[in-house]
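J.: First the structure, then my questions, so here it is.
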Amino acid sequence: MHWRTNLGADGFLMLTLDRAGESANSLGRAVLEELATLLERVAIEPPKGLILRSGKPGGFIVGADLREFEQFARKGQVQDAIRRGHRAFDMLAALPCPTVSAIHGACMGGGTEISLACRWRVASNDPKTRIGLPEVMLGIQPGWGGSARLPHLVGAPAAFDMMLTGRALSASAARAIGLVDAVCDEAALIDTAKKLLARRAPRPLKQRLLAWATNLWPARQVLAPTIRRQVARRADPKHYPAPFAMIDLWRRQGGSVRAMLRAEPRAVERLAATSTAQNLVRVYFLQEALKAQGAKDGHGIARVHVVGAGVMGGDIAAWCALQGFEVSLQDRELRFVQPALDRAQELFARRLKTEARIAAARARLVADVEGARVPEADLVIEAIFENAEAKQSLYASIEPRLKPGALLVSNTSSIPLAVLREKLTDPSRFAGLHYFNPVAQMPLVEIVRHDALSPEAARRLAGFVRAIDKLPVLVAPSPGFLVNRILMPYMLEAATAWAEGIPGAAIDRAAKSFGMPMGPIELIDTVGLDVAASVARILAPFLGLDLPKGLDGSVDAGRRGKKDGQGLYAWKDGRPVKPDVPKGYVPPADLAERLVLPMVNEAVACLGDGVVDNADLLDAGVIFGTGFAPFRGGPIQYVRQTGADAMRSRLEALAAKYGPRFKPKGGWDRVG
């Protein structure tokens, strides 16, 4: 059903995976059992060599079938699933004939592990070819031989750099560490694979010595604590146990591939049973749910015009050009556009690497001070300053020039669409398209609906968001939409604590101890005190909150945060300089709750108000829009796992101590 075999006249056997009924190859139970059956026959009558390849044009193997894995984890059958993969991959590794994996496109997790079971690996130099072991991002470790074979192939330092970060490598980067033996054009993949099969020379001596030396017992006892300390700077072992468990397992068992293979199934089973793994697997499916909100094809958008060349508008334009769209960027004068073009050049150089691809992206992004390209645009994105009258005036000049079928959107972060659309002739093609800063890093885009928006326009916008490699979430036109509405109580409570005299470093530490990626004081400076104050003035009355000192509108010139080098913190080389917490200072025991529970309370209120269609989309939007502790599965999942009654009791206790802003809001009856 899933594998095809073809024995060529040259004696080489082509083994092609083309999983039936799926657009991408993943390794499920039926796929692995069929592979094992085939390999039994191959071992009896071995060919001259075996080439493993994909029958899918878009990629190699994306990894294990996570739908099955989730079921196995629920039923306590993880060890069985891991041993099933081991059996097939061990048979591949033990074949008496040489084997080579021919990789084109995504090669992740189990795809990399089945390739490691081959004697050689060749990869195409296509930008879509990426090779990785991302299991740690699911709260587990590689379980089909990756943690056993990779350190003994490329050396422990390079192997752990891959496994502990989940970072995927390009073909050339994989070649540089010895993971891949040859890189070529896609068209030459099979010919190169055959040349490798005929190869008799061993791997380079330096690579073999590195792999041998770094896995010896003394090396493991020295390297493991060092690696552990490095990981601990980025992750708390209480929140993310997988990387630490992987290091400890290698320290004990990493001297031999066979010992690691024996230990892997139990190790994965233990990690799969943790709430972290269960929530991170859930986050993966939440991400897939967001992707399903739009189709990359059929949106009918090729040309994008952006008005406003500030940080947001300029970076939106650059990102769209990076993703292959023809983009024009408008502002009052060229001197306002040029800094955005300069930043775009830096983005293209970072992401695209080769001069030809950088030049092509640069050519797709042009300055258009007069707005001459508006009539050609399929999508016009307004990204000027937050002033309703200014936006309405701009729309009045743009709308008559739009071609039939063109869409007009605003990147507003807080102004109601009902206000912005008031003077539009055709509001059915107008919506909010709210990006987050920094555009190149934040994966989420909110598509803000209103009752006059046509379903077709919403569909096209969702498709466009997917086409620029972002995650769309459709939200109702609530003040602040979804992300800012939930984030603002967190930021305001942090500013309140700051005004009370609690040190900023202590506030940030409390939030990060909960699992937030950045402390709220640092976040306010990163967003900008002026921006945060502007949004707070709009949202605070709706949220029933007061503006604390620092966000009450009295922002000093030149002290707006990171962009000025001075805000609540001083900033140096793009990093905050946080004053030390006074010696002996003990922060309030409930500080983390003060910061996080207002977010949770507002998330529940958003669910009750129908800002998004369901709890899963809400959790997905908050995780990918704010970085809310992914290992907790999102605010609604956090409530469910903690207990809604217990959470409401904590809010009531905080309200009694600090004031009515902590009172539970409506919507708690929907959390079950």
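J.: Among the residues of region 104-136, what is the count of those that are part of a strand (DSSP E or B), within 24 Å of the chain's Cα centre (by Cα) and not hydrophobic (A, V, I, L, M, F, W, C)?
T.: Of the residues in region 104-136, 2 are part of a strand (DSSP E or B), within 24 Å of the chain's Cα centre (by Cα) and not hydrophobic (A, V, I, L, M, F, W, C).
J.: Would you point out which residue out of ALA117, ALA43, ALA88, ALA94 is among the aliphatic types (A, V, I, L, M), touching a residue at least 12 places away in the same chain (Cβ under 8 Å), touching a strand residue (DSSP E or B) at 6+ places or on another chain (Cβ under 9 Å) and more than 19 Å from THR192 (Cα to Cα)?
T.: ALA88
J.: Please determine whether any residue of region 620-633 is outside any helix (DSSP H, G or I), modelled with pLDDT of 90 or more, touching a helix residue (DSSP H, G or I) at 6+ places or on another chain (Cβ under 7 Å) and among the small types (Gly, Ala, Ser).
T.: Taking every residue of region 620-633 in turn, at least one turns out to be outside any helix (DSSP H, G or I), modelled with pLDDT of 90 or more, touching a helix residue (DSSP H, G or I) at 6+ places or on another chain (Cβ under 7 Å) and among the small types (Gly, Ala, Ser).
J.: Among the residues of region 156-195, count how many are part of a helix (DSSP H, G or I) and acidic (Asp, Glu).
T.: Residues meeting the conditions: 3.
J.: With respect to LEU341, is the statement that it is touching a strand residue (DSSP E or B) at 6+ places or on another chain (Cβ under 8 Å) and surrounded by fewer than 23 Cβ atoms within 10 Å (Cβ to Cβ) true?
T.: yes
J.: Only one of ARG537, ARG509, ARG559 is assigned to a helix (DSSP H, G or I), of a type outside the set (Val, Ile, Thr) and within 29 Å of ASN387 (Cα to Cα). Can you tell me which?
T.: Just a single option satisfies the conditions, and that option is ARG537.
J.: Any idea how many residues of region 449-466 are in contact with a Ser or Thr (Cβ under 7 Å, 6 or more places away or on another chain) and more than 8 Å from ARG429 (Cα to Cα)?
T.: 1
J.: With respect to ALA494, is the statement that it is modelled with pLDDT under 95 and among the hydrophobic types (A, V, I, L, M, F, W, C) true?
T.: No; evaluated as a whole, the condition is false for this residue.
J.: Report whether or not ARG149 is touching an Asp or Glu at 6+ places or on another chain (Cβ under 8 Å) and crowded, with 22+ Cβ neighbours inside 10 Å.
T.: yes
J.: Would you please name the residue that is nearest to GLY659 (Cα to Cα), looking only at residues in region 570-617 that are free of Cβ contacts under 8 Å to residues at least 24 places away in the same chain and of a type in the set (Gly, Ala, Ser)?
T.: Among those that are free of Cβ contacts under 8 Å to residues at least 24 places away in the same chain and of a type in the set (Gly, Ala, Ser), it is ALA589.
J.: Go through region 365-390 and give me each residue that's crowded, with 20+ Cβ neighbours inside 10 Å and assigned to a helix (DSSP H, G or I).
T.: VAL374
J.: Let me ask you something else. Working only within region 51-61, note down all residues that are surrounded by 23 or more Cβ atoms within 10 Å (Cβ to Cβ) and either free of Cβ contacts under 8 Å to residues at least 60 places away in the same chain or within 12 Å of ASP18 (Cα to Cα) (or both).
T.: Those that are surrounded by 23 or more Cβ atoms within 10 Å (Cβ to Cβ) and either free of Cβ contacts under 8 Å to residues at least 60 places away in the same chain or within 12 Å of ASP18 (Cα to Cα) (or both): LEU52, SER54, PHE60, ILE61.
J.: Take the conditions buried (at least 21 other Cβ atoms within 10 Å of the Cβ), under 30 Å from the mean Cα position of the chain (by Cα), under 18 Å from VAL311 (Cβ atoms) and not hydrophobic (A, V, I, L, M, F, W, C) and apply them to GLY574. Does it pass?
T.: no
The values are calculated or read from the model by the stated rules, or taken from the named source; none is laboratory data. On a predicted model such as this, the values are computed, not experimentally measured, just so you know. Counting neighbours? That spans all protein chains shown, and the Cβs are built from the backbone with ideal geometry, glycine included.
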